[in-house]
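Peer 1: Below are the C-alpha cells for one structure; questions will follow.
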Amino acid sequence: VTGSLRVLAAEDNAVNQVVLRTLLEQIGVEVTVVGNGAEAIAAWREVPWDVILMDVQMPVMDGLSATREIRAAEALEGRARTPIIALTANAMTHQVAEYRSTGMDGHIAKPIDVRALYEALDAIAQALPVAQAA
C-alpha cells in the first residue's frame, strides 16, 4: 500500500537524507529530498505530494516556517491539505504541541523511529482516495 505514496522529505543533514531515502526505498516509496524549508515550499508548489516529512531545524527556512507558509497557501488557494509530519530530535510535549499548532499533522522522533515512520505512512496511504492510491 505504502509504495504508491509521493513523499517529499525536507532534511538538511546528509546522513539523515541517506537514511530516509534508504528506509523509504526499502518499502517501495519514491522520495524526493530537499535541503530546507524554502526548497520544500517550491517542490510542494510543483507536484501534488501525498505527504511531506519536514525536519524542524534547517538553514534558510525552518520546518515550522515552511509549514505555516504551505498551510496559508492551501487556505488561500483552496488546495487540498497535504499531511506534514515533523521529523525532529526535539520531541518534548510542548515542542510537539507547537508543531501541531503550526499545522503539522504528526511527528516522528530522531533518530528516526522506523516503525513510527512506516505506521505514519501506512495511515496516510490508507486515508487516500482509492483512485489516487492506484
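Peer 1: Looking only at segment 7-29, count how many residues are open to solvent by 10 Å² or more (accessible area, probe 1.4 Å), out of contact with any Ser or Thr (no Cβ under 6 Å at 6 or more places or on another chain) and not in a helix (DSSP H, G or I).
Peer 2: Taking segment 7-29 first, the residues open to solvent by 10 Å² or more (accessible area, probe 1.4 Å) are 12-19, 21-23, 25-28.
Applying the additional criterion that residues be out of contact with any Ser or Thr (no Cβ under 6 Å at 6 or more places or on another chain) yields 12-19, 21-23, 25-26, 28.
If we keep only those that are not in a helix (DSSP H, G or I) too, we end up with 12-13, 28.
Total satisfying the criteria: 3.
Peer 1: Turning to a different aspect of this structure: Of all the residues that make up segment 30-42, how many are part of a loop (DSSP other than H, G, I, E, B) and either of a type in the set (Lys, Arg) or surrounded by fewer than 17 Cβ atoms within 10 Å (Cβ to Cβ) (or both)?
Peer 2: First pass over segment 30-42, keeping only residues part of a loop (DSSP other than H, G, I, E, B): 35-36.
Imposing the further condition that a residue be either of a type in the set (Lys, Arg) or surrounded by fewer than 17 Cβ atoms within 10 Å (Cβ to Cβ) (or both) reduces the set to none.
Adding up the residues that qualify gives 0.
Peer 1: Right, another one. Condition first: more than 14 Å from residue 8 (Cα to Cα), among the polar types (S, T, N, Q) and at pLDDT 95 or above. Can you find one or more residues in segment 102-114 that meet it?
Peer 2: The answer is yes, given that some residue of segment 102-114 is more than 14 Å from residue 8 (Cα to Cα), among the polar types (S, T, N, Q) and at pLDDT 95 or above.
Peer 1: Separate question: Pick from segment 113-134 the residues that are open to solvent by 70 Å² or more (accessible area, probe 1.4 Å) and of a type in the set (D, E, K, R): which of them is farthest from residue 19 (Cα to Cα)?
Peer 2: In this case the residue turns out to be 119.
Peer 1: Residues in segment 60-69: is at least one on the phi < 0 side of the Ramachandran plot and touching a His at 6+ places or on another chain (Cβ under 6 Å)?
Peer 2: Kept after step one, since they are on the phi < 0 side of the Ramachandran plot, are these residues of segment 60-69: 61-69.
Now narrow it down to the ones that are touching a His at 6+ places or on another chain (Cβ under 6 Å): none.
No.
Peer 1: Name the single residue that is farthest from residue 23 (Cα to Cα) among those in segment 55-112 being of a type in the set (Lys, Arg) and touching a helix residue (DSSP H, G or I) at 6+ places or on another chain (Cβ under 8 Å). Working first, answer last.
Peer 2: Residues of segment 55-112 of a type in the set (Lys, Arg): 68, 71, 79, 81, 100, 110.
Filter once more, keeping what is touching a helix residue (DSSP H, G or I) at 6+ places or on another chain (Cβ under 8 Å): 68, 71, 79, 81, 110.
Working: 68: 27, 71: 27, 79: 29, 81: 25, 110: 14 Å.
The residue in question is 79.
Peer 1: Scan segment 92-107 residue by residue and report those that are open to solvent by less than 60 Å² (accessible area, probe 1.4 Å), farther than 17 Å from residue 50 by Cα and either of a type in the set (S, T, N, Q) or within 14 Å of the chain's Cα centre (by Cα) (or both).
Peer 2: If the condition is that a residue be open to solvent by less than 60 Å² (accessible area, probe 1.4 Å), farther than 17 Å from residue 50 by Cα and either of a type in the set (S, T, N, Q) or within 14 Å of the chain's Cα centre (by Cα) (or both), then 95, 99, 102 are the ones that fit.
Peer 1: Now a separate question. Scan segment 73-91 residue by residue and report those that are among the aliphatic types (A, V, I, L, M) and either under 10 Å from the mean Cα position of the chain (by Cα) or exposed (fewer than 13 other Cβ atoms within 10 Å of the Cβ) (or both).
Peer 2: Applying the first criterion (among the aliphatic types (A, V, I, L, M)) to segment 73-91 yields 73, 75-76, 80, 84-87, 89, 91.
75, 76, 80, 84, 85, 86, 87, 89 - these are the residues of segment 73-91 that are among the aliphatic types (A, V, I, L, M) and either under 10 Å from the mean Cα position of the chain (by Cα) or exposed (fewer than 13 other Cβ atoms within 10 Å of the Cβ) (or both).
The values are calculated or read from the model by the stated rules, or taken from the named source; none is laboratory data. Because the structure is a prediction, the values reported are computed rather than measured. Every residue, glycine among them, receives a Cβ derived from its backbone with ideal geometry; neighbour counts consider all protein chains shown. Ligands, DNA and RNA are excluded from the accessible area calculation, which covers all protein heavy atoms including side chains. Shrake-Rupley method; radii C 1.70, N 1.55, O 1.52, S 1.80 Å.
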